[in-house]
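Values in this text are rule-based calculations from the coordinates and carry no lab data. Remember, it's a predicted structure, so these values are computed and weren't measured experimentally. Please note: Cβ atoms are built from the backbone with ideal geometry, for glycine as well, and neighbour counts cover all protein chains shown.
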Amino acid sequence: MAMTALNPNGLKLGVNGFGRIGKLTVWHHVADKFFDEIVVNIGRQSGTSLEDIAHYAERDSTYGWLHGYLYGHKAQPVIRDLDEKNGVMIIDGVRVRFLRSARNPAEIGWRDEGVRLVVDTTGQFLDPTLGPEHPKGSLRGHLDSGAEKVIVSAPFKIKDRGTPMPKDAITTVMGINSNDYDPRQHKIISNASCTTTCLAHMMKPLINAFGPKKIMSASMATVHAATGSQQVLDRLPASGKTDLRKNRSIMNNIILTTTGAANALRLVIPEMEDIAFIAESVRIPTSTGSLIILVINLQEEPGKEFVGRELINDIYRQAAADSPESYLHYTDKQNVSVDIIGMPRVAAIIEGHETHTRTAEAAIDLAKVPGLDNKTFSNPQKMVIRIPVTQAVIYGWYDNEMGSYVNILGDRIVSVAENI
């Protein structure tokens, strides 16, 4: 794992939340060494002491021991010097302080901690339009309590659909539209989701190769690992909840659910506005390691060579070779989900072995095309035309926790920190 020198500016990283993404974010930045101090807000007492927090921080059911993640199987534990009074521990030489009182971002006190950059991993504060005084808390509360920039580890969700996106807020995916971030203008940055990140890196090479006009429609289904919002065992839904499936046991069910990837994708790839697109999600009983099945329909031109499997794979091979950040990978090998867990900084792994294409003629009844004057056709039989359409199916793996999301989120965090 690459190691960099301590940040010469002495910037501290604030992390709000210490769940799956919060803990793995700490792991990432302890390894990276860009920040010489991390301040984690848990917002409540946890366990019986700081030692219990250290116990949680140093081991993970999916990724193993922290010291093994850092240095391999011969490594020794790296957490030491626990200071219960000040909530401080040293993790592999990095000072990590835990705050255990305020849940509302406006009350955390980042200014007192010397924190200028915060990543919010709670999943609770997603509306960039809410003011810092909101009683349930808001992203702007972080700014009010001293942070200069806030990065959100999830897509924005504006509750009032008629309210436009604030000019100081932006959604970016690294390697896709990361340069749209303007440090002079943007204070709140959404890093989108793991699924949107993978999907963006699957769609962008196709749009670059074919253009949005050739892509008639697209759809995706993500076969997604379980998340913390699901239940281990069946339970009664809370008042007002309409999605009854999320209250069923994830341990032994395939569960249909929704994804906001389609909406978020339009924010990072504007060309998607011209493509009919739909996204669905299925949750399965695995801890991480997910798969996007992408289906696109391409309008072919008669007399020209139709799009085939090898052309699709060549597009991804070249895009992967041209990616300076190596966020896109291509493989001809046959994988299963566990094979991609922990792969560093990989947004999407295209499994070319399973790429499939089929071309057929689609019948278009011009009489049903809005705005077309039927009187211009003297022969009724010419009202129906047939055009060749190719359907392509592409598979893209992603580690929805560490490999394909947290590591790329880490790149976004450092890029923002470098411009503070």
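Data for the structure
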| read-out | value |
| --- | --- |
| Where trypsin sites (Lys or Arg not before Pro) fall in DSSP loop in region 260-369, at most 11 other Cβ within 10 Å | Lys304, Lys333 |
| Residues Tyr71, Tyr56, Tyr330, Tyr405 arranged by fewest to most Cβ contacts within 10 Å | Tyr56, Tyr71, Tyr330, Tyr405 |
| Pairs beyond 28 Å (Cα-Cα), from Lys23/Lys85; Lys136/Lys241; Lys23/Lys246; Lys149/Lys246; Lys187/Lys213 | Lys149/Lys246; Lys187/Lys213 |
| Thr222, Thr172, Thr196, Thr355 arranged by Cβ crowding within 10 Å, fewest neighbours leading | Thr355, Thr172, Thr222, Thr196 |
| Taking Trp397, Trp27, Trp65 and counting other C-beta atoms within 10 Å, the order from fewest to most | Trp65, Trp27, Trp397 |
| Cα gyration tensor category, rounded, prolate or oblate, for region 33-74 with a/c compared to 1.5 | oblate |
| Gaussian network model of the chain, springs between alpha carbon atoms under 10 Å - residue of Ala209, Ala192, Ala264 with greatest fluctuation | Ala209 |
| Normalised contact order of region 12-166, rounded percent, pairs of Cα under 8 Å and 6 or more residues apart | 24 |
| The chain - mean residue ellipticity at 222 nm from DSSP helices (-39,500 (n - 2.57) per run, n ≥ 4, rounded to 500) | -6000 deg cm²/dmol |
| Region 285-366, relative contact order in percent, only Cα pairs under 8 angstrom and at least six apart counted | 32 |
| Between region 175-214 and region 100-131, the Cα center-to-center distance that results, in Å | 26 |
| Of the trypsin sites (Lys or Arg not before Pro) in region 173-235, those whose Cβ has at most 16 other Cβ within 10 Å and which sit in DSSP loop | Arg184, Lys213, Arg235 |
| Among Ile79, Tyr69, Val96 - extreme Cα towards positive end, dipole of region 63-115, charges at beta-carbon | Tyr69 |
| Mean separation of Cα contacts under 8 Å, 6 or more apart, over the residue count of the chain: relative contact order % | 14 |
| Cβ-based charge dipole, the chain, positive-most Cα from Pro302, Ser193, Leu366 | Leu366 |
| Charged-residue dipole, Cβ positions (Lys, Arg, Asp, Glu), the chain about Cα centre, Debye nearest 20 | 880 |
| Residue with peak Gaussian network fluctuation, the chain [Cα springs, cutoff 10 Å], from Lys12, Lys74, Lys33 | Lys74 |
| Residue with peak Gaussian network fluctuation, the chain [Cα springs, cutoff 10 Å], from Ala319, Ala225, Ala362 | Ala362 |
| Magnitude of the charge dipole, region 219-300, Cβ model with Lys/Arg +1 and Asp/Glu -1, debye to 20 | 620 |
| Rounded to 5, the percent of DSSP beta bridges in region 30-168 classed as antiparallel | 50 |
| Principal axis box of region 195-402, alpha-carbon based, largest edge first, Å | 66, 46, 28 |
